[in-house]
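Everything on this sheet refers to the single structure shown next.
Nothing in this text is a laboratory measurement; each read-out follows from the coordinates by a stated rule. This one's a predicted model, so the numbers in the text were calculated from it and none came from an experiment. Positions of Cβ are generated from backbone atoms using ideal geometry, with glycine treated the same way; all protein chains shown enter the neighbour counts.
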Amino acid sequence: MININKVTAVFFSPTHGSEKYAKAIAKEISAEFEVLDLTNPNARRRRYGFECDELVIFGAPVYAGRLPSVDGGIFDNVFGNDTPAVFTVSYGNRAYEDALLEEKNICEANGFKGIAAGAWIAPHTYSDKIAAGRPDSDDLKKVSEFADKIKEIISNKNLSEISLEVPGNYPYKKAKPTPLYPRGNKNAQTAGNVRRSVRRRRSIPRLRKKPIQKNASPVWRASKTVRSEREGY
Ligand SMILES: Cc1cc2nc3c(=O)[nH]c(=O)nc-3n(C[C@H](O)[C@H](O)[C@H](O)COP(=O)(O)O)c2cc1C
């Protein structure tokens, strides 16, 4: 049995799809749960710690088959202490490729231990038609079944017995700068608003030639301008 005294949904979610799934899973496991929203860059600058008697549900979107490449990383300041974790990503019905594996690897390197993982379909940031209205009632039924399995694992297994494997390849798919990106704001909750909040980023081809952190991983290879634009998340 895994002893859990607190459940927290931890997510980065500019258009709220990943947030909805992470919260729905957390709620199914415990009616009372905490929320740590890392969408705002100020929130990502702080460091957070979780103990071994807590359960963390991670959630993030898939951008070009990877986790979004944001300044400082999404979950890099979130630390566990052999803390059980559920890894989730939301994607716009194309593919999630290496994003779930990337999330798992980043969080496990920071002291979390995966006990379950899932990739979920949510409205595509670029479209008000693709996956509109998701999660729908069928999705929420699957969330509920998924949470039941997590509860079963918590009741019947020890953390040391679990070895979670998720789809994805390492080395990951090459991170590619995206020509469009969402500028999260309070209005960006519906697909129509999301489309209005998406801006074209023209500077990428020139800036890609000049990474400012030469030894950094692909996730960090963002130019100064791109990074400051990303502060708009
Ligand atoms: C820059 C960018 C790249 C994306 N790449 C993919 C992708 O590779 N596969 C996919 O299925 N959806 C992709 N999407 C759609 C998002 O993964 C999807 O809309 C996600 O649910 C958004 O999460 P959020 O609502 O938590 O922000 C992309 C969206 C953006 C903005």
Loop trypsin sites (Lys or Arg not before Pro), segment 91-129 (other Cβ atoms within 10 Å of the site Cβ: 13 or fewer; DSSP): ARG94, LYS129
Positive-end extreme of charge dipole, segment 6-161 - chosen from ILE150, SER137, THR88 (charges on Cβ): SER137
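Indicate, rounded to the nearest 5 percent, the antiparallel portion of the DSSP beta bridges found entirely in segment 40-103.
Numbers: 1 of 9 bridges.
Given both bridge residues lie in segment 40-103, the antiparallel proportion sits at roughly 10 percent.
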DSSP-assigned coil residues among trypsin sites (Lys or Arg not before Pro) in segment 30-84, each with at most 15 further Cβ atoms within 10 Å: ARG46, ARG47
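Based on the alpha-carbon gyration tensor of segment 6-161 and its eigenvalue square roots a ≥ b ≥ c, which shape applies: rounded if a/c is under 1.5, prolate if not and a/b is larger than b/c, or oblate?
Details: a/c = 1.68, a/b = 1.18, b/c = 1.43.
Oblate is the answer for segment 6-161, as a/c is 1.5 or above yet b/c matches or exceeds a/b.
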